[in-house]
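Trainee: What follows is a structure written as structure tokens; I'll ask about it next.
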Amino acid sequence: MLDYIIPYLTRTFAFDPNSPLLFTQFYFWGFFAVVFAIFSLVHSKLLLRNAFLFATSLFFYYKTSGSYVCILIFCVIANFFIGKWIEKAEEKWKKKLLMIIVVIIDLLVLCYYKYSYFFLDALYDFTGIELHVYNFFAAASNAMFNTHSLVDTIILPVGISFFTFQAMSYCIDIYRGKIKAVDNILNFGFYLSFFPQLVAGPIVRADKFVPQLYKPYFLPRRAFGMAVFWILNGLAKKIILSDYLATNFVDRVFDTPLLFTGLENLIALFAYSLQVYADFSGYTDIAIGVALLMGFRLPQNFNSPYKAKSPTEFWRRWHISLSSWWRDYLYIPLGGNRNATVGTFFWMGFLSLVAILLSGSMWVGIALGVFFLYIAIFAYFKPESRKTITTNMNAMATQIVGGWWHGASWNFIIWGGLNGFGQVFNKLWVKRSATVRASIALGFFALSAILYKHYTIPICAITAVWFGVLFVGIYSTIIYHLFCKKELPWLTTAWNVTLTFVFITFTRLFFRAGSNLDPAEANEVAWNTAKNMVHQMGTAWRWDTILPIAWEHINIILVFIAGMLIHWIPKRVKSRYRITFASLPIPGMVAATAFIIFVIYQFMSADSCPFIYFQF
């Protein structure tokens, strides 16, 4: 008997890097059933409840990241005590100094594990000096525990970006006087490590979550039904949409884009846009549902982002907890919509340097120099424009840093820069008259078409199509208004939503190309993947094969269409069916849950895909 039990317990409690705890695994739900059973016994004793959930969260993180749980424990200890010291300090300069120290500590932890390869690669590019990473944590572990971890490789701990940002916001908010420090390290450890949102967010602000630490467990009947709904909704998004699209099409195309036609690359890119949303929002839905079953409310993290009518609105709807974090702790400190700061000019200079390095051309540097000179002269002679210029510069800087947060490679910086450019361009674009916009679109269409015809540059074919469609849309609006004054708001909304979705989707080319890669090879592989996909979408088209190819992938196309139609369902309709499910009698809810799980099970593949945002 013991020969069976001991190996079973060893497998259950030991860390297996090939089998991390995922919400889509039956093992996780067995784990949660045990946790919830114990929770039901201790929930009335608040400190015991919080201590138990803290220990559970540490075990959960150990099962996803092994000995890297020590990093999480270190962040808990450092931020708890320094947070207390910030609160107790009487002089303003002491508070500020302690706040700076804890932010530096958190950033050093984050940068060491996430950006070591990036900085050493940049050092080699700039100076020719070649250095190699050294894993001090692994070396210390080998010395203390006689292990044999690799010291010449740094593996990114799961979710490190999320819990370090959450820790930083906690201490900064204490410094700003927005919150009081948590009184007990067990309570604080529970806040920082709460397992449903630990490894992929949402980033929970202390002022919203800490008060819940001291509230007794309370779960009304409808809240229970809503928790079950969110869990089922998240599982359906992840397994039926995200995993199905990834395993059956998207991953294959991104791995070898040159083996697929331009249409197939285009379908994969749009399918990935739905996949990443279903994956990340699905995780958030499950996290919200699991937390709600234990009586804790997590913030909304997505608000139908593909309904956005502009890039700026998209980022108000996508990953809301992170977007608001960037706004409050980077964009506003940079100057926001008030003025420019040293940080603004630093990040603008960094962006320019990246553009020059990536292009390898001095002409890019000259063009950027002329552009910034023009902006400076324009701002000098038109003082009323300075606020707009600095606002756009701060928005661009925030998006660039946001892109870099996602990954330590140039492609993520490009992705962030494109999103920043989209926001700035859109703000300037909508202020122009329809005639001016039509003229600009026609000009760019003609330039792109000429360049493609004479030099066969793939990206020019894509931009020619984009600006051609843009011109037709704007020109059609002008013609319509010549004969009819009646507005068509639904058509305007559909047009803006479509343009925003297409733009966001094409920026994702650089996002996906750098995902799931070893930092040591991310730059080269990601750039080649993006370049090859652009090449195929810009050149590899045979019009006589479009229908046969589309029919060959009809299942992927239908799943994509179904997913987008569900996404675009009006908010009031979604609220209605959520409340209907949450209000069902228990037997009806059990029957509905069993049916939904049965449907989800039909789409499960042999190997579960990890959540995309685990890598961040």
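Trainee: Among the residues in region 116-132, are any at pLDDT 90 or above, out of contact with any Phe, Trp or Tyr (no Cβ under 6 Å at 6 or more places or on another chain) and exposed (fewer than 14 other Cβ atoms within 10 Å of the Cβ)?
Mentor: no
Trainee: Please work out if LYS208 is of a type in the set (D, E, K, R) and in contact with a helix residue (DSSP H, G or I) (Cβ under 9 Å, 6 or more places away or on another chain).
Mentor: no
Trainee: Sticking with this one: Answer yes if at least one residue in region 525-534 is farther than 30 Å from LYS427 by Cα, outside the structural domain of TYR613 (by TED's automatic domain parsing) and either without any contact (Cβ under 8 Å) to a residue 60 or more places away in the chain or not in a helix (DSSP H, G or I) (or both), and no otherwise.
Mentor: Yes, region 525-534 contains a residue that is farther than 30 Å from LYS427 by Cα, outside the structural domain of TYR613 (by TED's automatic domain parsing) and either without any contact (Cβ under 8 Å) to a residue 60 or more places away in the chain or not in a helix (DSSP H, G or I) (or both).
Trainee: Got a sec? Which of TRP541, TRP551, TRP568 is of a type in the set (Phe, Trp, Tyr), farther than 18 Å from ALA461 by Cα and touching a Ser or Thr at 6+ places or on another chain (Cβ under 8 Å)?
Mentor: Testing whether each residue is of a type in the set (Phe, Trp, Tyr), farther than 18 Å from ALA461 by Cα and touching a Ser or Thr at 6+ places or on another chain (Cβ under 8 Å) leaves just TRP568.
Trainee: Give all pairs with beta carbons closer than 6 Å in which a residue from region 20-44 that is outside the structural domain of ILE597 (by TED's automatic domain parsing) meets a residue that is assigned to a helix (DSSP H, G or I) and hydroxyl-bearing (Ser, Thr, Tyr); count only pairs at least 6 apart in sequence or on separate chains.
Mentor: Here the result reads PRO20/THR64; LEU21/THR64; VAL35/THR56, each pair linking region 20-44 to a residue that is assigned to a helix (DSSP H, G or I) and hydroxyl-bearing (Ser, Thr, Tyr).
Trainee: Let me ask something additional. Quick check on region 318-339: of everything there that is of a type outside the set (Ser, Thr, Tyr) and surrounded by fewer than 18 Cβ atoms within 10 Å (Cβ to Cβ), which residue is nearest to GLY403 (Cα to Cα)?
Mentor: Here the residue is ARG327.
Trainee: Would it be correct to say that SER65 is touching a residue at least 60 places away in the same chain (Cβ under 8 Å), surrounded by 15 or more Cβ atoms within 10 Å (Cβ to Cβ), of a type in the set (Gly, Ala, Ser) and in the same structural domain as MET168 (by TED's automatic domain parsing)?
Mentor: yes
Trainee: Same structure again: Is at least one residue of region 100-107 within 24 Å of TYR134 (Cβ to Cβ), surrounded by fewer than 19 Cβ atoms within 10 Å (Cβ to Cβ) and out of contact with any His (no Cβ under 6 Å at 6 or more places or on another chain)?
Mentor: yes
Trainee: Also: Condition first: in contact (Cβ under 8 Å) with a residue 24 or more places away in the chain and among the hydrophobic types (A, V, I, L, M, F, W, C). Now tell me which residues in region 82-97 satisfy that.
Mentor: If the condition is that a residue be in contact (Cβ under 8 Å) with a residue 24 or more places away in the chain and among the hydrophobic types (A, V, I, L, M, F, W, C), then ILE82, ILE86 are the ones that fit.
Trainee: Also, quick follow-up: Scan region 452-492 for residues that are buried (at least 17 other Cβ atoms within 10 Å of the Cβ), among the hydrophobic types (A, V, I, L, M, F, W, C) and either modelled with pLDDT under 85 or part of a helix (DSSP H, G or I) (or both) and jot them down.
Mentor: Result: CYS460, ALA461, ILE462, ALA464, TRP466, PHE467, LEU470, PHE471, ILE474.
Trainee: For PHE501, only one of the following conditions fails: (1) modelled with pLDDT of 90 or more; (2) assigned to a loop (DSSP other than H, G, I, E, B). What is its number?
Mentor: For PHE501, the failing item is (2).
Trainee: Next up: Regarding region 85-102, can at least one residue be identified that is at pLDDT 85 or above, over 18 Å from ILE172 (Cβ atoms) and not charged (D, E, K, R)?
Mentor: No, there is no match, as no residue in region 85-102 is at pLDDT 85 or above, over 18 Å from ILE172 (Cβ atoms) and not charged (D, E, K, R).
Per-residue answers, yes or no, for (1) closer than 23 Å to LYS307 by Cβ; (2) in contact with a Lys or Arg (Cβ under 6 Å, 6 or more places away or on another chain); (3) assigned by TED's automatic domain parsing to the domain that holds LEU274; (4) among the basic types (Lys, Arg):
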position: GLN536; (1), (2), (3), (4): no, no, no, no
position: LEU547; (1), (2), (3), (4): no, no, no, no
position: LEU558; (1), (2), (3), (4): yes, no, yes, no
position: LYS574; (1), (2), (3), (4): yes, no, yes, yes
position: TYR577; (1), (2), (3), (4): yes, no, yes, no
position: LEU584; (1), (2), (3), (4): no, no, yes, no
position: ALA592; (1), (2), (3), (4): no, no, yes, no
position: VAL599; (1), (2), (3), (4): no, no, yes, no
position: TYR613; (1), (2), (3), (4): yes, no, yes, no
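Trainee: Would you mind telling me which numbered condition in (1) under 30 Å from LYS95 (Cβ atoms); (2) hydrophobic (A, V, I, L, M, F, W, C); (3) within 17 Å of the chain's Cα centre (by Cα) ALA181 fails?
Mentor: So ALA181 meets the others, but not (3).
Trainee: While we're on this one: Going through PHE345, PHE302 one at a time, which residue ends up being modelled with pLDDT of 90 or more and of a type in the set (A, V, I, L, M, F, W, C)? Even if it seems obvious, please write down each step before you answer.
Mentor: Values: PHE345 fails: modelled with pLDDT of 90 or more.
It is PHE302.
The values are calculated or read from the model by the stated rules, or taken from the named source; none is laboratory data. Since the model is a prediction, treat every value here as computed from it, not as a measurement. So basically every Cβ, Gly included, is an ideal-geometry build from the backbone, and we count neighbours across all protein chains shown.
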